[in-house]
1. Check cross-link reach from residue A:289 to the aspartates and glutamates: straight Cα distance under 16 Å, and skip same-chain residues fewer than eight apart.
2. Points 7 angstrom from Cα along the Cβ direction at residue A:339 and residue A:137: gap in nanometres?
3. Over the alpha-carbon set of the stretch B:48-155, work out the extent along each principal axis and list the three values in angstrom, largest first.
4. Taking Rh as the Kirkwood radius computed over C-alpha pairs, what is the Stokes-Einstein D of the stretch B:15-98 at 10 °C in a medium of viscosity 1.306 mPa s, expressed in µm² per second?
5. Give the average, rounded to an integer, of partner chain Cβ atoms located within 10 angstrom of each Cβ in B:31-44.
6. Going by C-beta contacts inside 10 Å, put A:281, A:294, B:118, A:92 in order with the fewest on the left.
7. Evaluate peptide A:185-193: per residue, the Cβ atoms of other protein chains within 10 Å of its Cβ; return the mean as an integer.
8. With viscosity set to 0.890 mPa s at 25 °C, what whole-number translational diffusion coefficient in µm²/s follows for chain A from Stokes-Einstein and a Kirkwood radius over Cα pairs?
Amino acid sequence: MIFQHLAAASDLVLTWNMALVLLSSALFGLFVGAVPGLSATMATAMLVPLTFFMDPVPAIASIVTTAAMAIFASDIPAALIRIPGTAASAAYVDDLSALTRAGKVGRALGISVTSSAIGGVFGSLILMFAAPQLALVSLNFTSFEYFWLALLGLSAAVMLGSASILKSLIALGIGLLIACVGMDTTSGLPRFTFGLTSLLDGVAFVPALIGMFAIPELIRTFVHRDTIPKAAVIGNPFKMFEGLGGVLWRHKTNLARSSTIGTIIGILPGAGSDIAAWISYAVSKNFSKTPATYGRGSEEGLVDACAANNSALSGAYVPAMVFGIPGDSITAIVIGVLYVKGLNPGPMVFLTSGDTIVAIFLVFLLANILIVPLGLLAIGLASQVLRVPKLALAPLILGFCIVGSYSINASASGVIIMVVLGLLAYLMEENGFPVAPTILGIVMGLLVERNLITSLIKSDGSMVGFFERPIAAGLALLVAVIWIVPALLWIGRRLKSSRETQG
Amino acid sequence: MKIHDSLIGALLFALGLWVLTTALNYPQLQGQSIGPGTFPGVLGALFMAGGVALAAAGLRAQGMRIIHFDPGWRHPARLAAALIATVGVVIFSLGFETIGFPVGGFVLLTALFFFSGYRGLTWVLIAATFVLAVHLLMTRLLYVPLPAGLLKGIL
């Protein structure tokens, strides 16, 4: 499929318009990623209103490039002021910071930029060749398989996160409930609309996203303004490649392993680059000959985690493209954009819009290759960017958020949704409820409910139908494993600790 | 702002109860035992169970006030900035078409800069330039119908 559409896809990608989109998105992503607290997801959400005025390929290209750059650039504040720009950098922030204190900031960021690019290219190649094959298999999927697949994604989001399972589950429920607002797709009955006509179409997705990611951060910036530390000095960024080849060659196995782990985790619906970075870092420490250096400036750990987070970013697009199920918050946004552009994600899109899909794959490769030269530029400019106080940027960011939320439906109700859900997200985060499951719930709520109701109608209300088809039964088993294994581990730990207490 | 888990649990239970009773009142699909209330009904029941579990966990873990405000909230200027960024934006949205983005946005941004400690003519000019640039970019270049409101006829 790839080679068949390559020529036409290249024509879509290799244009001056695309070059401009890639460059401006890359600079935007690098800027947002380099400002601590502004996440890659927030950058992507802020970009969505602009994508409505672009063709499909440039629209997706701008999002992919912004996200890839922001995830890499988030390592810059992690190294300079020990604040990870995104959750993906949190796994190795201590190593980056320790290397900076040891005067090796150039080396640390050099490892980060090259490992991110290698991991990203690896993930993109897997996406290019695995997604079309998977799409062929998924053509046989019915509502039963889609229901279990969606449940698998939601379960992974709850179980793989770092927050308490109960709170993650409640957060997911809140997202699913928000998705219920509006006219029911099966019966046309308005649900939870409080008589407001603006809610009949449901809670607008983009204002919800902007609010849930931006508003909590803005409130924290205004209220806890004295907790933002000052940046360290980078020095000459062009010296960061000195000795880097040797480091990467020594850890070539780590690069391959982490890129693979990252891609697989990315492919798993509901698990994104942050989880990939944490797991790869843990695996790397487990296999390392020097595990004691981890968290104290380990170059090896850095190679692993950086390669994993960018490869996961590409991997997350496999379920997004093939099943329309987001791998993480960023792909959730991309799915929304794909729908707006008439490229309804799912197996059929590979048959009906082959050129566009291959062009999107090419954009992934380009974006990840661009990380190296543009990352170098970003590191050089980072000292300047970090001098702009986040507090001074906050009112301007709010201005963008208002305009972005209004533009979706040219209605002020979008702005109100942004603020209300933003306040909800702030309260959730302050009290240990993760926001990511809520976002996934909002995105996947309709998919889960529609497939549940359709399947129940097909099976005449019987649950047996959900397990009759082999793939559906396999997916149901996977969902059960995701829930049962941690429960068994928890019971085992409780029994062990009670035995120790008694002993 | 931190809220005790027992209170969050109680609120979740109440939410679950409301969702469940509302969902039970929805009609079923013709000839089916399911309908538009099935899925939200399940969610309502889950909220009730989750609320009880959370409240129980909260009651076991003692030593925290029911509602705890972080020290940052006690600064009047910070509180004002946070209120403007939330309540202020909602009030602005209610009169969005009448006031318009240029005037409303300018007032909002200037107030936020003021309460963030960025005072003086420079910051007023930054707010004005930003709002005008965004308005022109959105309306002229991207054709987003941002209302000019009070400045209708001028912009």
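Computed from the coordinates by the stated procedures, all read-outs in this text should not be read as laboratory data. Quick caveat: nothing in here was measured; it's all calculated off a predicted structure. Using ideal geometry, Cβ is built from the backbone for each residue, glycine included, and neighbour counts are taken over all protein chains shown.
1. Within the straight-line limit of under 16 Å, residue A:289 reaches these aspartates and glutamates: A:299, A:300, A:304.
2. 2.6 nm
3. 63, 36, 21
4. Translational D for this selection: 93 µm²/s.
5. Partner Cβ neighbours, averaged per residue: 6.
6. B:118, A:294, A:281, A:92
7. Working: counts 1, 7, 8, 1, 6, 2, 8, 5, 0.
If you average over the peptide's residues, the count of other-chain Cβ atoms is 4.
8. My calculation gives 106 µm²/s for D.
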